[in-house]
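Working notes, structure below.
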Amino acid sequence: MKLHAAALLAILCLGIFTVHIVKGSGASESMRKGSCVNLFTRQLSIRNLVSYEKQHIPVTAIVFITKRGIRICVSEDQNWVQAAMKNIEEKRTTKHK
């Protein structure tokens, strides 16, 4: 009987621990799903980029979206990033005309 009670208590503790881990702490809940934490440092091929988004939290970054839907975070202050953003904007404006 003591063995059953101990096993039941262990399962209960494991369940509570699992719920706590899955739910996360208060600090992790404020961060958006898919937020950039690390930034890609190499230059990307502008031809493969179809869109971008700006992110300010937890780090300031540009999130480029490729033709395959892959999201890549880069630093905004690089020259090639500015050129890629301009190129995407130009494609958007010519597409809408």
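Rundown of residues vs (1) small (G, A, S); (2) at pLDDT below 90; (3) not assigned by TED's automatic domain parsing to the domain that holds K91, yes/no style:
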{"site": "V22", "(1), (2), (3)": "no, yes, yes"}
{"site": "S25", "(1), (2), (3)": "yes, yes, yes"}
{"site": "C36", "(1), (2), (3)": "no, yes, no"}
{"site": "Q43", "(1), (2), (3)": "no, no, no"}
{"site": "K54", "(1), (2), (3)": "no, no, no"}
{"site": "F64", "(1), (2), (3)": "no, no, no"}
{"site": "R68", "(1), (2), (3)": "no, no, no"}
{"site": "W80", "(1), (2), (3)": "no, no, no"}
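Residues to consider are I70, I62, I46; find the one that is touching a helix residue (DSSP H, G or I) at 6+ places or on another chain (Cβ under 7 Å), of a type outside the set (S, T, Y) and without any contact (Cβ under 8 Å) to a residue 24 or more places away in the chain.
Numbers: I70 fails: touching a helix residue (DSSP H, G or I) at 6+ places or on another chain (Cβ under 7 Å); I46 fails: without any contact (Cβ under 8 Å) to a residue 24 or more places away in the chain.
On inspection, the qualifying residue turns out to be I62.
State all residues of the range 46-97 that are more than 23 Å from S35 (Cβ to Cβ) and acidic (D, E); if no residue qualifies, say none.
Filtering the range 46-97 down to residues more than 23 Å from S35 (Cβ to Cβ) leaves 46-47, 79, 83, 86-87, 89-97.
Passing the criteria: E89, E90.
The values are calculated or read from the model by the stated rules, or taken from the named source; none is laboratory data. Predicted, not measured: the structure shown is a model, and the values here were computed from it. Quick reminder, even Gly has a Cβ in these numbers, built from the backbone with ideal geometry, and neighbours come from all protein chains shown.
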